[in-house]
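Here is the structure we will look at, set down as structure tokens.
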Amino acid sequence: MGGAVALWSPSSKAGDTGATGALPNLAAAAKPISVEERRMRVAKAAALMRASNIDAVLVEAGSSLVYFTGIRWWRSERLTGAIITREGEISVVTPFFEEPSVRETLALDAEVLTWNEDEDPLGLLGGWLRSRGLSKGMIGVEETVRYFAVDGLQAALPDARIVSANPIVRGCRMIKSPAELALMQVANDITLNAYRRMYRNIEAGMTPADVGALINDATAAMGGSPEFALVLLGEASAYPHGTGKPQEVREGEVVLLDCGCNVHGYQSDISRSFVFGEPNARQRLVWNQMRKGQQVAFEAAQIGTQAGKVDDAVRAYYRTLGYGPGYKLPGTSHRTGHGIGLDGHEPVNLVHGETTRLASGMCFSDEPGIYIPGEFGIRLEDCFHMTESGPRWFTQPPASIDDPIS
């Protein structure tokens, strides 16, 4: 996979036709996940279940339901979910009156079990599992499934053993296919090019909402679905997720951006930090230190390395500069990175103590920001995916604070 599509010089306004004029639809040719790939996912889950001696796995509405079945639904007190067995059978459970809507995005052949408002959906699932001889089986539950569903399933199958489905769901979702990587690449290309458009149009006095609107409008024009647009100005950049205090773009102050979009559900997450106007010596120093910290993490991310060791490598470098130690401030108060895919944050993390070993197809953010409370913070964030020969960027990090969006 390559880097971002270079559409403009970050500092040039030549040919600008407005906030979103002349922006190409970068997502137009993006290919959604095929039915055949979803079948392969179910087959892999079934194989992992057999290897782990798990008989079935329960997922409910959310990204894992999308991953396996294509169903895009929300969570409410009315359960919509799916059971996948070690034989590769799929059963979807949903309220009777929601069935036509749920079927609109169901991408696989599956039995659909419906329940009326006076019925118990977990009892319905329990009966379906009993009919397959699994009343005393090992039933895996995806880690975000809510307690009422777990409790209800156990009540419906009192002799079953409820266990974590992490070996199955993580075992599938953590390793991205070429089709998934391609969608993530498009999402990253869109976000970076939205930053380029914003950089040409940002003005003194703008609020975070103003700057975020520039980014989101450009994102939508290029075919991405905006997910979030965090804009931190001045001292607010010293706090990773900002402050509620009023902010505006001011000469000589840091602008920190953390934004992402999705393309057919697959997400980007990119951060850039720059100074509106001329950076001072201290801002330049911290920016350069943070950029090197990002590179330290990237180079530490090698096949077979424990994910936590990537975080450790950055903190060891920052400690030589007087930051920390560990998660103390000034320094990096959060993990170096997180997994990413259908969710903006998904397992596993580049965080101290994480023993999962890096493997080809895993995707992560790389964002060991440096924060100086009361002054400013610098966060550069680019995502990478693991290949057999090591990490590869989705977007190339910027070279300097003077060319901060490249």
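The values are calculated or read from the model by the stated rules, or taken from the named source; none is laboratory data. Every value quoted in this text rests on a predicted model; they were computed, and no experiment measured them. Heads up, the Cβs are rebuilt from the backbone with ideal geometry, glycines too, and the neighbour counts pull from every protein chain shown. Surface accessibility is based on the protein's heavy atoms, side chains included, excluding ligands, DNA and RNA. Shrake-Rupley method; radii C 1.70, N 1.55, O 1.52, S 1.80 Å.
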Out of Lys309, Lys292, I need the residue that is without any contact (Cβ under 8 Å) to a residue 24 or more places away in the chain and of a type in the set (Lys, Arg). Which one? Lys309
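Given the condition polar (S, T, N, Q) and either over 22 Å from Gly265 (Cβ atoms) or buried (at least 20 other Cβ atoms within 10 Å of the Cβ) (or both), answer yes or no: does some residue in the stretch 101-118 qualify?
Yes, the conditions are met somewhere in the stretch 101-118.
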Assigned to a helix (DSSP H, G or I), in contact (Cβ under 8 Å) with a residue 60 or more places away in the chain and not aliphatic (A, V, I, L, M), is that true of Gln283? yes
May I ask you to say which residue of Thr85, Thr94, Thr80 is among the polar types (S, T, N, Q), modelled with pLDDT of 95 or more, open to solvent by less than 10 Å² (accessible area, probe 1.4 Å) and under 17 Å from Thr144 (Cβ atoms)? Thr80
Residue, farthest from Val66 (Cα to Cα), within the stretch 123-147, restricted to residues that are buried (at least 19 other Cβ atoms within 10 Å of the Cβ) and within 30 Å of the chain's Cα centre (by Cα): Ile139
Name the single residue, out of those in the stretch 170-190 being in contact with a Pro (Cβ under 9 Å, 6 or more places away or on another chain) and open to solvent by less than 30 Å² (accessible area, probe 1.4 Å), that is nearest to Glu87 (Cα to Cα). Arg173
Number of positions in the stretch 328-350 that are open to solvent by less than 40 Å² (accessible area, probe 1.4 Å), more than 30 Å from Gly252 (Cα to Cα) and assigned to a loop (DSSP other than H, G, I, E, B): 4
Can you spot a residue in the stretch 295-302 that is aliphatic (A, V, I, L, M) and either open to solvent by 50 Å² or more (accessible area, probe 1.4 Å) or assigned to a loop (DSSP other than H, G, I, E, B) (or both)? yes
Need a quick list: strands (runs of 3 or more DSSP E) entirely within the stretch 358-397 having at least 3 residues that are open to solvent by 10 Å² or more (accessible area, probe 1.4 Å). 390-393
Where in the stretch 154-243 are there helices (runs of 4 or more DSSP H), lying fully within it, with 1 or more residues that are more than 23 Å from Tyr266 (Cα to Cα)? 178-201, 208-221
Scanning the stretch 297-317 for residues that are over 22 Å from Phe394 (Cβ atoms) and touching a helix residue (DSSP H, G or I) at 6+ places or on another chain (Cβ under 6 Å) gives Tyr317
Considering only residues that are within 28 Å of the chain's Cα centre (by Cα) and of a type outside the set (A, V, I, L, M), which ones fall in the stretch 249-266? Asp258, Cys259, Gly260, Cys261, Asn262, His264, Gly265, Tyr266
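Return the total of residues in the stretch 73-93 being of a type in the set (Lys, Arg) and farther than 15 Å from Met49 by Cα.
Qualifying residue count, the stretch 73-93: 2.
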Report, by residue number, each residue of the stretch 311-324 that is within 19 Å of Ile378 (Cβ to Cβ) and open to solvent by less than 50 Å² (accessible area, probe 1.4 Å). Asp311, Ala313, Val314, Arg315, Tyr317, Tyr318, Tyr323, Gly324
I need the full set of residues from the stretch 31-53 which are in contact with a Leu (Cβ under 9 Å, 6 or more places away or on another chain), open to solvent by 30 Å² or more (accessible area, probe 1.4 Å) and either more than 15 Å from Ile90 (Cβ to Cβ) or free of Cβ contacts under 8 Å to residues at least 40 places away in the same chain (or both), in order please. Lys31, Pro32
